[in-house]
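This report refers to the structure that appears directly beneath it.
The values are calculated or read from the model by the stated rules, or taken from the named source; none is laboratory data. In this text, all values refer to a predicted model and were calculated from it rather than measured experimentally. For neighbour counting, all protein chains shown are included, and Cβ atoms are generated from backbone atoms with ideal geometry for every residue, glycine included.
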Protein chains: 4
Amino acid sequence: MIVAFHRGTAEADVQTVVRTLETRGLRTARSSEPRRPILAVVDSVPDDVADTLEAHALVERVERPRGTWRRVDRAFRDSPTVVDVGGVPFGGPGITVIAGPCSVEGKEVIEEVADVARRAGAHVLRGGAFKPRTSPYAVQGRGAEGLRQLKAAGDGAGMPIISEIMDAAHLSAFVDAGVDCLQIGARNMQNFTLLKAVAGAGIPVMLKRGLSATIAEWLQAAEYLAAFGAEGIILCERGIRTFETATRNTLDLTVLPLLRQWTHLPIVVDPSHAAGIPALIPPLSRAAVAAGADGVAVECHPRPKEAKSDGAQALLPGELSTLVAEARVVGAAVGRSFAPRERGAHAS
Amino acid sequence: MIVAFHRGTAEADVQTVVRTLETRGLRTARSSEPRRPILAVVDSVPDDVADTLEAHALVERVERPRGTWRRVDRAFRDSPTVVDVGGVPFGGPGITVIAGPCSVEGKEVIEEVADVARRAGAHVLRGGAFKPRTSPYAVQGRGAEGLRQLKAAGDGAGMPIISEIMDAAHLSAFVDAGVDCLQIGARNMQNFTLLKAVAGAGIPVMLKRGLSATIAEWLQAAEYLAAFGAEGIILCERGIRTFETATRNTLDLTVLPLLRQWTHLPIVVDPSHAAGIPALIPPLSRAAVAAGADGVAVECHPRPKEAKSDGAQALLPGELSTLVAEARVVGAAVGRSFAPRERGAHAS
Amino acid sequence: MIVAFHRGTAEADVQTVVRTLETRGLRTARSSEPRRPILAVVDSVPDDVADTLEAHALVERVERPRGTWRRVDRAFRDSPTVVDVGGVPFGGPGITVIAGPCSVEGKEVIEEVADVARRAGAHVLRGGAFKPRTSPYAVQGRGAEGLRQLKAAGDGAGMPIISEIMDAAHLSAFVDAGVDCLQIGARNMQNFTLLKAVAGAGIPVMLKRGLSATIAEWLQAAEYLAAFGAEGIILCERGIRTFETATRNTLDLTVLPLLRQWTHLPIVVDPSHAAGIPALIPPLSRAAVAAGADGVAVECHPRPKEAKSDGAQALLPGELSTLVAEARVVGAAVGRSFAPRERGAHAS
Amino acid sequence: MIVAFHRGTAEADVQTVVRTLETRGLRTARSSEPRRPILAVVDSVPDDVADTLEAHALVERVERPRGTWRRVDRAFRDSPTVVDVGGVPFGGPGITVIAGPCSVEGKEVIEEVADVARRAGAHVLRGGAFKPRTSPYAVQGRGAEGLRQLKAAGDGAGMPIISEIMDAAHLSAFVDAGVDCLQIGARNMQNFTLLKAVAGAGIPVMLKRGLSATIAEWLQAAEYLAAFGAEGIILCERGIRTFETATRNTLDLTVLPLLRQWTHLPIVVDPSHAAGIPALIPPLSRAAVAAGADGVAVECHPRPKEAKSDGAQALLPGELSTLVAEARVVGAAVGRSFAPRERGAHAS
């Protein structure tokens, strides 16, 4: 249950309510909402307590929970949350583009990709350094060195970076390298150990939806992050598993308007992993923007055929530029600007 | 296998090829393509025949089949097909809006809805008269009388009409009422008896995707229609069945760019049945247009709570107007105009 | 709502209740249950009527509906239903085996298969004459001639026959050929036109589950058959569509114990179409019997490689014999006998 | 590629082959198969190397890989693997029953359950101490204390224990408590960090199938365990996520015969989590045994309504006894005995 007090309610009065709830064994979470006190009662609220809260003179409105999440519920904030990733906002009026290769494959290639991404108008540079290989015999990524190369490339292009973390034991490598946003992959959406670890790292987290996760399970995972202290949480839709075999997965854009009602978190769409076919990525990116996405994340590579992983779905530089330009026009059509590049970059 | 001849190839030369194929037991279909002869070989082509066709001096290109369909394959036409529904084009540069109630509930209400749809800018009026009720005890629709009421309402508003046909035995009622487009519902996508019957009716057909139909199965069903003579075929995506329970179905917009590559048929998206929640329908309609839909089909009702079926997902008149206006802006952003209302309507 | 009266309740008293319900606009269905009167109220029952029925002196128990079905609900009968297919019971203490080729491919082959099936211990001969081809260019089956060949082969082996009907227009061919059980295929589970037609034919019907049909939708389709007069209805589980691609479909054996609670209809399992791999069919047949199936339906062919359709999943004669023998042993382990072959057959 | 040498091939000859492969950059794994040397080449094998191996005089047969797994492939062993869990075999001629509560809820209850399980004929005691709660506010289990209580209860009943591990950081608690088998839950099937950690613990591992994992992905995860040194690996099917909502998940018993062909690992079925309804568990257990399961894992509780988690699906003591007795009979019908209780237990 989420309890929004009237504007100007004194902190002492809020604390009185908190203590009363505690006497009933009910734990609360406090919104950082500046304009009015908002509390979430994380435990199940008995009817008599709910009635009392609803009738309370200082309470403006009470929302009964949709699921087991509270801190990420739409009602926990007055306005949608804007997450700052190294100076780039996710969730404001603008649309943010994340671009980069599947894997960091060395200093030169990632710097080349960073330059391509920057020129195309992307805001954040992505690249995998620790890769979730399903085969124990596959190449496992460049690890900490890859993160440093990604960071250097991002710095060179004036772009913050995002990279997937698979193991809490690697967290210090991400912190040391100055990674601006930690990505939790689809396979790890319910890896609660990892969620707790990244939640405490003081770095924004982008949480991908599990391949067969319901929207409710996804928000519960986000709540995990929030409950363990994550400062900024971004959701990322990347396709779900269905019976269809013509595409890798089925992109579920319905989550965009639905999550707008259910949560205050920003939402990014990754059409590259969902579709797995380059020609589908630009129209799906446009569709994502039109349906309300706060950002799109796409894979690009200067020479996809040379890419060591997932090259088949990477966009060429020119395709990325076109995608960004088109998304910008569709964004304008639905009242969204493009997020400014807030960190000084090289002139192109 | 689809065989496109060079422009200007003489008909006699094409017939020579056809006869040669027939001697090998291979049946062909002829495209109505005006600019060049195109043949589809509907049977599986032996390698030696394929090699001969590829090397033929009059043949410009040969496409190996993606599936069992031929006539609806993209390669069977030089340009995407435009289907004319009572003067309204589906598949041209414009985007077409189909709107109306789930069911025709009587003369006055359908006329009121037609007026609402027309004022909002919709092009085609929809409404169910024969309803696919899963319960034998449910109301079964108004039948032929409902079709006549729908037609009268469409005529009054200057809009052609579309309505679902469930049974070949009802075909004469649809023909007599002057229904402009026959809708095949999701449950009947593989009802081959019905497909054959409507294919021969000389009326355009809108074929909804089955709830768990693969894209290949959907095109095979469209091929059925084409093989049995359907003049105009429109595909309609309306959501697939997945594990997600927060929405009625999962709208699959990836089909839009994929089908552009696979077929020349126009594609409409029905977000109302997919989502089942009115607030999701406008953003999903915008996304459909951005991803390349040739049209959207939505349910509307002047007083949804009074609707006898599916009222919960119907848009209010003002919501429909906003949806059309927004889709128009997104359409412009992706280079699509709005299909003109070609039949004279009342001034509003 | 289903209302079971005490044993010995006079018919006049039941009729009084029926008339009272009718005055409230509530339609009823009457169970053929001999031991006590049982009524189903097919419409939604207002609370006050439900209270009155529950408190009625002649009423033993009242069951609130699980779904929209009534006549096929478990509560509509005191005992599970036994369906007689040409003298072979489905649903009694015994387990019934249906065997035969995918398609009837001519007189000699079907007679050979019938002999194989009979010797193996199968009870009913299956074979397709009108085939649901997804491609309009595929062979469409032997039609009425195939049905006559199937019947002759069944008669020769002393076995009743079952064959799939796809089109109400073919019904007279099935009746004329003396088909003992009409099969509704998965694609036609919600082809309500076809359901109505076969319901009135006076021949038992085996209703396959749709590829993505929920259990509730399946029972609703069965209710359709029941409401339109079908005398004997058998359910057939044949696998559902999931993300798994290693098998054709995913056989759902959970339906067996669940349907035992929900319906009084007999249930057959078809592992051939679900798995599509011969080696999986015997263990899945054993599992089906262990989970409570009333029968199994399998494909067999003396020379699978020569079969014109689905040969890859057909069992060899020896494999069929082993399957039946094993199913018999597992049946005994769960307290099920094997249904006797009730019609005089040739000695083998 | 898997290479089986003739019996009696000298070790030196095998090593020569290994070194030759290494010169081509091909890594190998060696089967512990006593009767003949078997090698798996874990990397992709070039055609010329494959040809050479197939023609090699000492090589009896060569198997081309079905997927990315090698060590768990059926061809890597002559006979199916038997995993020893604290003296109880999984995978031999017998069938093994795992029973216990969802969560360890204290010393007295778990000892009571252990006694119930032992009397019913179960072989292994299960119970969760670290629980994978999807809500951060839910009770998180008793942790190390719970493991000690579980072990004490198992010792008292003469039963080895199995418990789910969610976090590599907890591994020492499992080792210290003497847990006999580590369970990897469905959500962690692709938590490769955890897989590596448990693989090195020297304790058998039971790997549950992910909720939407394909069979290939499941075996790849098992290969991960094997590649990182796991001694004994048991697979556990626990239902997959489908569109069906009448049951918690859809139990996929087709995996049993399919995995028999694909892998040498033993396979256990958990119908409790798949179905979520107690009445379905005994028939599904019988079906699992009939389809070839090496064991079943079920939840039981002396007073399900008092259980703090998942009580609704727990079997009563009497139901468990009946289940074991019935599974024994079905096992006998398919040629399986019941695994003896090999550790001395109290007389009952």
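Can you tell me which residue within region C:274-288, out of those that are at pLDDT below 95 and in contact with a strand residue (DSSP E or B) (Cβ under 8 Å, 6 or more places away or on another chain), is farthest from the other protein chains (Cβ to nearest Cβ)?
My answer is C:278.
From the residues in region D:234-247 that are touching a residue at least 12 places away in the same chain (Cβ under 8 Å) and within 10 Å of chain C (Cβ to nearest Cβ), which one is nearest to the chain's Cα centre (by Cα)?
Checked region D:234-247; the qualifying residue nearest to the chain's Cα centre (by Cα) is D:239.
Residue by residue, here is whether (1) surrounded by fewer than 24 Cβ atoms within 10 Å (Cβ to Cβ); (2) in contact with a Ser or Thr (Cβ under 8 Å, 6 or more places away or on another chain); (3) at positive phi holds:
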{"site": "B:197", "(1), (2), (3)": "yes, no, no"}
{"site": "B:203", "(1), (2), (3)": "yes, no, no"}
{"site": "B:214", "(1), (2), (3)": "yes, yes, no"}
{"site": "B:218", "(1), (2), (3)": "no, no, no"}
{"site": "B:221", "(1), (2), (3)": "no, yes, no"}
{"site": "B:227", "(1), (2), (3)": "yes, no, no"}
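Report, by residue number, each residue of region C:70-115 that is in a strand (DSSP E or B) and of a type in the set (S, T, N, Q).
C:96, C:103
Kindly indicate whether residue C:320 is surrounded by 24 or more Cβ atoms within 10 Å (Cβ to Cβ), part of a helix (DSSP H, G or I) and more than 13 Å from every other protein chain (Cβ to nearest Cβ).
Here the answer is yes, as residue C:320 does meet what is asked.
Is one or more of the residues making up region A:80-90 among the hydrophobic types (A, V, I, L, M, F, W, C), within 14 Å of chain D (Cβ to nearest Cβ) and buried (at least 17 other Cβ atoms within 10 Å of the Cβ)?
No, every residue in region A:80-90 fails to be among the hydrophobic types (A, V, I, L, M, F, W, C), within 14 Å of chain D (Cβ to nearest Cβ) and buried (at least 17 other Cβ atoms within 10 Å of the Cβ).
Mind listing whichever residues of region B:30-63 are without any contact (Cβ under 8 Å) to a residue 24 or more places away in the chain and not small (Gly, Ala, Ser)?
B:30, B:34, B:43, B:46, B:47, B:48, B:51, B:52, B:54
Residue-by-condition table, conditions (1) within 13 Å of chain B (Cβ to nearest Cβ); (2) surrounded by fewer than 23 Cβ atoms within 10 Å (Cβ to Cβ); (3) touching a helix residue (DSSP H, G or I) at 6+ places or on another chain (Cβ under 6 Å):
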site: C:125; (1), (2), (3): no, no, yes
site: C:142; (1), (2), (3): no, yes, no
site: C:152; (1), (2), (3): no, yes, no
site: C:161; (1), (2), (3): no, no, yes
site: C:165; (1), (2), (3): yes, no, yes
site: C:173; (1), (2), (3): no, yes, yes
site: C:177; (1), (2), (3): no, yes, yes
site: C:182; (1), (2), (3): no, no, yes
site: C:191; (1), (2), (3): yes, no, no
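Look at residue C:286 and say whether it is surrounded by fewer than 24 Cβ atoms within 10 Å (Cβ to Cβ) and on the phi < 0 side of the Ramachandran plot.
When the stated conditions are applied, residue C:286 does not pass them.
For region B:293-310, which positions are assigned to a loop (DSSP other than H, G, I, E, B) and either not assigned by TED's automatic domain parsing to the domain that holds residue B:121 or not hydroxyl-bearing (Ser, Thr, Tyr) (or both)?
B:293, B:294, B:301, B:302, B:303, B:307, B:308, B:310
Conditions tested, residue by residue: (1) outside the structural domain of residue D:142 (by TED's automatic domain parsing); (2) of a type in the set (Gly, Ala, Ser); (3) modelled with pLDDT of 95 or more.
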| site | (1), (2), (3) |
| --- | --- |
| D:10 | yes, yes, no |
| D:22 | yes, no, yes |
| D:26 | yes, no, yes |
| D:31 | yes, yes, no |
| D:34 | yes, no, no |
| D:38 | yes, no, yes |
| D:88 | no, no, yes |
| D:93 | no, no, no |
| D:96 | no, no, yes |
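For residue A:254, are the conditions met, namely being facing another protein chain (nearest Cβ under 7 Å), surrounded by fewer than 24 Cβ atoms within 10 Å (Cβ to Cβ) and hydroxyl-bearing (Ser, Thr, Tyr)?
no
What do you reckon, is residue B:222 at pLDDT 95 or above, more than 12 Å from the chain's Cα centre (by Cα) and more than 8 Å from every other protein chain (Cβ to nearest Cβ)?
Taking the combined requirement at face value, the residue does not satisfy it.
For region D:236-273, enumerate the residues that are of a type in the set (Val, Ile, Thr), in contact with a helix residue (DSSP H, G or I) (Cβ under 7 Å, 6 or more places away or on another chain) and at pLDDT below 95.
Within region D:236-273, D:247 is the sole residue that qualifies.
So which residues in region C:193-218 are facing another protein chain (nearest Cβ under 10 Å) and among the aliphatic types (A, V, I, L, M), if there are any at all?
Of everything in region C:193-218, those that are facing another protein chain (nearest Cβ under 10 Å) and among the aliphatic types (A, V, I, L, M) turn out to be C:194, C:195, C:197, C:199, C:211, C:213, C:215, C:216.
Looking at region C:114-135, is at least one residue free of Cβ contacts under 8 Å to residues at least 24 places away in the same chain and aromatic (Phe, Trp, Tyr)?
No, there is no match, as no residue in region C:114-135 is free of Cβ contacts under 8 Å to residues at least 24 places away in the same chain and aromatic (Phe, Trp, Tyr).
Which members of region D:289-305 meet the condition of being out of contact with any strand residue (DSSP E or B) (no Cβ under 9 Å at 6 or more places or on another chain), more than 7 Å from chain C (Cβ to nearest Cβ) and either closer than 14 Å to residue D:334 by Cβ or of a type in the set (Lys, Arg) (or both)?
Hits for region D:289-305 are D:303, D:305.
Is there a residue in region A:7-15 that is assigned to a loop (DSSP other than H, G, I, E, B) and either buried (at least 16 other Cβ atoms within 10 Å of the Cβ) or β-branched (Val, Ile, Thr) (or both)?
For region A:7-15, residues assigned to a loop (DSSP other than H, G, I, E, B) and either buried (at least 16 other Cβ atoms within 10 Å of the Cβ) or β-branched (Val, Ile, Thr) (or both): present.
Counting only residues that are over 27 Å from the mean Cα position of the chain (by Cα) and among the aliphatic types (A, V, I, L, M), how many does region D:42-87 have?
9
Against the condition more than 9 Å from every other protein chain (Cβ to nearest Cβ), in contact (Cβ under 8 Å) with a residue 40 or more places away in the chain, buried (at least 21 other Cβ atoms within 10 Å of the Cβ) and among the acidic types (Asp, Glu), how does residue D:270 come out, does it pass?
So residue D:270 passes the test.
Can you name the condition, by its number, that residue A:138 falls short on among (1) surrounded by fewer than 24 Cβ atoms within 10 Å (Cβ to Cβ); (2) of a type in the set (A, V, I, L, M, F, W, C); (3) under 25 Å from residue A:91 (Cβ atoms)?
All conditions pass for residue A:138, except number (3).
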